[in-house]
Amino acid sequence: MTPAVDVHRYPDAAELAGALSQALAKQLQAALLARGRASLVVSGGSTPALLFRHLRQVPLAWERVSITLADERWVDAGNPASNENMVRRELLRDAAACATFLPLKNSAASAQAGAVAAWAPIAPLCPFDVVILGMGDDGHTASLFPGSPGLAAAMDAQAQPGCVAMTAPVEPRERLSLNLAALLNVRHLYVHFTGEAKWLLWQVAGDLPMGLTLRRSTSRPQLYWSP
Ligand code: 6PG
C-alpha cells in the first residue's frame, strides 16, 4: 500500500525542478524566519542536478543555511562519482555559494571508520528543516540498499540518529548513509524522482527501503516527480 503522501506530478523534468525548487525555497525561508537558521539534506545521484541549478538561483539568506548529504560514496571529493563533487559543482554556486556545506566523506580509511566523525557536526542540525530523498531502480533511498549488510539496523526508526556504513550493489560499493532515524528527524520530507519506471516501482515499493521510509515518516511526505 502506498503510504499517505502528497503527490505532485509535472509534465517534464524542467518544470519539476522549477516547482520543487520553489517549494523548497518556501520551506527554507519559513525556517529562517522562525529560527534564524535552516538545514537542508540533499541526495546525490543524477536527478538532483537540474533541481540544484534552479535552487541555487533562489534569493535566500543562504549564509544561514546548512547543507549536508543523505549519503555519500566513499570516494574522494575529486572523484566524479562523489556526491560532494556534484553538490559543489551544481548547488554551491550563485546565490547558494555562501551556504555552509557539511560533507560526509572524511579522511578515515573506510566509511565504517569515518561514520562517527562524519555525524558529529551534523547532529546539531537536527531536526532538519528539509530532507530530499531520491529513489533507485531497486527501491533504495539514500544508501539504504535492499540486501545491504546492516540494513535492518540502519532502518530501525528507534535507533540513535547517525551515519552508517552501507554496501551498494554497484560501484562505488562502499557508502556512508544517514540512517533512517536521522533521515526522519525532519520537519519536511520530500521525495524527488523522474521516469515512469520509478513511478511504477513507487506503487509496489512498500517493503523496500523507500516504502519503509515513507511508512515510518512522522511528517507527511511530499513526492515530486515527472515521467
Ligand atoms: C546516491 C543517491 C541515491 C540516489 C538514487 C537515485 O548516492 O546515488 O543518494 O540514493 O538518490 O540512487 O539516483 P539517480 O537520481 O541517479 O537515479
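The values are calculated or read from the model by the stated rules, or taken from the named source; none is laboratory data. As the structure is a prediction and not an experimental result, all values here were calculated from the model. All Cβ positions, glycine included, derive from the backbone under ideal geometry; neighbour counts span all protein chains shown. The protein model used for the area step is the full one, side chains on, heavy atoms only, and it has no ligands, DNA or RNA in it. Shrake-Rupley method; radii C 1.70, N 1.55, O 1.52, S 1.80 Å.
Observations on the structure shown:
- Within segment 51-79, residues that are of a type in the set (S, T, Y) reach partners that are open to solvent by 10 Å² or more (accessible area, probe 1.4 Å) with beta carbons closer than 6 Å, at six or more positions or on different chains, in the pairs S66/T100; S66/L125; T68/L102.
- Residues in segment 213-227 that are of a type outside the set (S, T, Y) and closer than 16 Å to V131 by Cα: L214, R215, R216, R220, P221, Q222, L223, W225.
- Complete set of residues in segment 127-147 that are open to solvent by 10 Å² or more (accessible area, probe 1.4 Å) and either at pLDDT below 95 or of a type in the set (F, W, Y) (or both): G147
- On inspection, V116 does not qualify as within 15 Å of the chain's Cα centre (by Cα) and assigned to a helix (DSSP H, G or I).
- Condition met for V204 (over 27 Å from V75 (Cβ atoms) and without any contact (Cβ under 8 Å) to a residue 40 or more places away in the chain): yes
- Verdict on S143 being within 17 Å of G114 (Cα to Cα) and of a type in the set (S, T, Y): yes
- Flag for Q29 being touching a strand residue (DSSP E or B) at 6+ places or on another chain (Cβ under 6 Å) and in contact (Cβ under 8 Å) with a residue 24 or more places away in the chain: no
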